[in-house]
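Comments concern the structure below.
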Amino acid sequence: MALPTSSVSSVSVSVSEVLSDLVRRPWYYLFDCWNWKAALFSASIRCVIFFTVNLTSGWEAASGAALVEFAYRLCAAGYYGAVTQAFSRARPVLVANLTALLVLPLFQHAIEFGIHWMRGTPRLATAVGVSMCFTFVSTLFNLYSMRRGALIVGVGSKSVWEDIMSFPVLAWDFAMSAPRAIWRQATAIQD
């Protein structure tokens, strides 16, 4: 079964269907669905993380770590963005979120660690640790945004400028989604 390419499609799929499709057609996500928006944003933010964490080791070490991270993320984050976009269509949402939070970081941070270890990045554990924390938040934010039509590529996508303009509202709604869910549960218990 080929999964629909639009994240805002009315067609939802199961988490097992997404995982099965990833195993059967990894090249589809790597080449056909490569999410250039995810690649651009992730590479830009993560190179700043690696630069900042390694700045105490000197300008050259920080610049080298930032350039390596930018190059890695520019290549890899488009694939991870495509996979995240696929999970954004999966139901139930909680299972899709948990799966995306477990599957994606396992591979991307193992590769990230290996690349920086081979290169000799000085503050490797700290930089990868901060990157992992960012992955946790950004994966959930990306899933949330993609379910609302932002940060997607392909059918139903908007321009990158429209996505950027939607960030303040998306960020606020994302930040408030957990408190709202807790409030709904608390008030439902009282009824």
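Any read-out appearing in this document is the output of simple, stated calculations on the displayed coordinates, not a laboratory observation. Worth saying up front: this structure is predicted, and the values here are computed from it rather than measured. Every residue, glycine as well, gets a Cβ built from its backbone with ideal geometry; the counts of neighbours run over all protein chains shown.
In table form, for the structure just shown:
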read-out	value
Theoretical ellipticity at 222 nm over the chain - DSSP helices of four or more residues, -39500 (n - 2.57) apiece, nearest 500	-25500 deg cm²/dmol
Amide H within-cut-off set for SER14, under 5 Å, with H built and near neighbours excluded	ARG91
Computed label-point distance, nm, for sites ARG91 and VAL48 using a 7 Å Cα→Cβ extension	3.7
Length released on extending from ILE182 to MET165, taking residue separation times 0.36 nm less the Cα-Cα span	3.3 nm
Calculated P(r) tail over 23 Å for the range 84-191, as whole % of Cα pairs	44
Extension gain from ALA71 to ALA110, taking 0.36 nm per residue of separation minus the Cα-Cα distance	12.5 nm
The chain: DSSP helices with Cα axial extent of at least 24 Å and average Kyte-Doolittle hydropathy no lower than 1.0	36-54, 93-119, 124-146
Dipole of the range 13-158, positive end: most advanced residue of CYS133, VAL153, LEU19 [Cβ charges, Cα centre]	VAL153
